[in-house]
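The values are calculated or read from the model by the stated rules, or taken from the named source; none is laboratory data. Keep in mind it's a predicted model, so treat the numbers as computed, not measured. Please note: Cβ atoms are built from the backbone with ideal geometry, for glycine as well, and neighbour counts cover all protein chains shown.
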Amino acid sequence: MPLRAVLVDLDETLYAPGDALIRTVDTRITAFIAIRTGLPWERADEMRRALWLEYGTTARGLNRLFDVSERDLNRFAVDSVDPREHVRPDPALSEHLARIPAPCHLFTNATRRYAERVLAVLGVRGHFPRIFDIEFSLFNPKPAPIFYRRVVEALGLPPSDLALVEDSPRNLLPALQMGMRGVYLGPRDAPPGAVHARSFAEVPDLLSAPL
């Protein structure tokens with residue numbers, strides 16, 4: 001089947017894993033939890049990670065368990081971060097995106113405001129006609145299947161015509177189960193059914209290869 005669209009994750013996919021940007025966001029999320037719950041920093045940080053692992057985003061977990069507004073957390077911890085302090089324009093990334101043999105769309109658990117700003121700083125906003133963000137998912141973050149289904153419906157394409165580029169194996173699984181192609185960008189083994197890219201530079205050739 002022809003590849004007609006590519007979904008691309010944002011954080012730690014379009015920029016290096018462990019970058020100061022994601023660490024800054026995580027720190028602000030921990031601060032939000034500590035302020036709201038009164039927990040000491042170490043326990044608040046443990047809660048941040050535990051909720052992220054269980055619910056896909058910490059915001060979703062806080063909403064489910066404590067009725068905390070997800071928009072409140074995102075305004076405090078995500079939209080308040082200035083990406084210009086942590087990432088730089090990446091002309092090589094722009095060249096790699098231009099070589100991908102189908103239109104790219106951003107597929108992220110982050111907010112649209114944050115995503116727009118990160119893409120602008122990287123210099124790649126023009127490569128993404130559409131941004132599918134956490135509000136588009138109705139606050140059902142990856143790996144919740146409903147987010148993937150809503151994107152497929154919005155694009156009007158069968159899953160077999162789509163691919164997903166992701167740094168998270170668990171976020172690739174629903175896409176693979178739906179019939180999408182998967183590119184895992186990270187240090188571990190790719191999940192079954194996905195191909196492995198060691199860097200974004202390898203992604204265009206992997207997506208251009210026949211099935």
Only one of (1) modelled with pLDDT of 95 or more; (2) part of a helix (DSSP H, G or I) is not met by ARG84, so which one is it? (1)
Residue identified as surrounded by fewer than 16 Cβ atoms within 10 Å (Cβ to Cβ), modelled with pLDDT of 95 or more and not in a strand (DSSP E or B) among ALA110, ALA120, ALA115: ALA120
What are the residues in the stretch 33-51 that are within 19 Å of SER168 (Cα to Cα) and either modelled with pLDDT under 95 or loosely packed, with under 13 Cβ neighbours inside 10 Å (or both), if any? ALA50
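The rows are residues; the columns are (1) surrounded by fewer than 20 Cβ atoms within 10 Å (Cβ to Cβ); (2) closer than 21 Å to LEU97 by Cα; (3) under 13 Å from the mean Cα position of the chain (by Cα).
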| position | (1), (2), (3) |
| --- | --- |
| ASP161 | yes, yes, no |
| VAL165 | no, yes, yes |
| ASN171 | no, yes, yes |
| MET180 | no, yes, no |
All conditions in (1) out of contact with any strand residue (DSSP E or B) (no Cβ under 7 Å at 6 or more places or on another chain); (2) in contact (Cβ under 8 Å) with a residue 24 or more places away in the chain; (3) more than 20 Å from LEU176 (Cα to Cα) are true of SER137 except (3)
Quick check on PRO141: is it in contact with a Gly (Cβ under 8 Å, 6 or more places away or on another chain), under 25 Å from ARG48 (Cα atoms) and not β-branched (Val, Ile, Thr)? yes
Let me spell it out: the conditions are (1) in a helix (DSSP H, G or I); (2) touching a residue at least 12 places away in the same chain (Cβ under 8 Å), and GLY182 meets all of them except one. Which number is the exception? (1)
In the stretch 46-86, how many are in contact with an Asp or Glu (Cβ under 7 Å, 6 or more places away or on another chain) and touching a residue at least 60 places away in the same chain (Cβ under 8 Å)? 4
Could you grab me the full set of residues in the stretch 185-211 that are surrounded by 17 or more Cβ atoms within 10 Å (Cβ to Cβ), part of a helix (DSSP H, G or I) and either basic (Lys, Arg) or without any contact (Cβ under 8 Å) to a residue 40 or more places away in the chain (or both)? LEU206
Output the residues belonging to the stretch 155-179 that are part of a helix (DSSP H, G or I) and in contact with an Asp or Glu (Cβ under 6 Å, 6 or more places away or on another chain). LEU172
Would you mention how many residues in the stretch 87-107 are out of contact with any strand residue (DSSP E or B) (no Cβ under 7 Å at 6 or more places or on another chain) and either part of a helix (DSSP H, G or I) or in contact (Cβ under 8 Å) with a residue 60 or more places away in the chain (or both)? 11
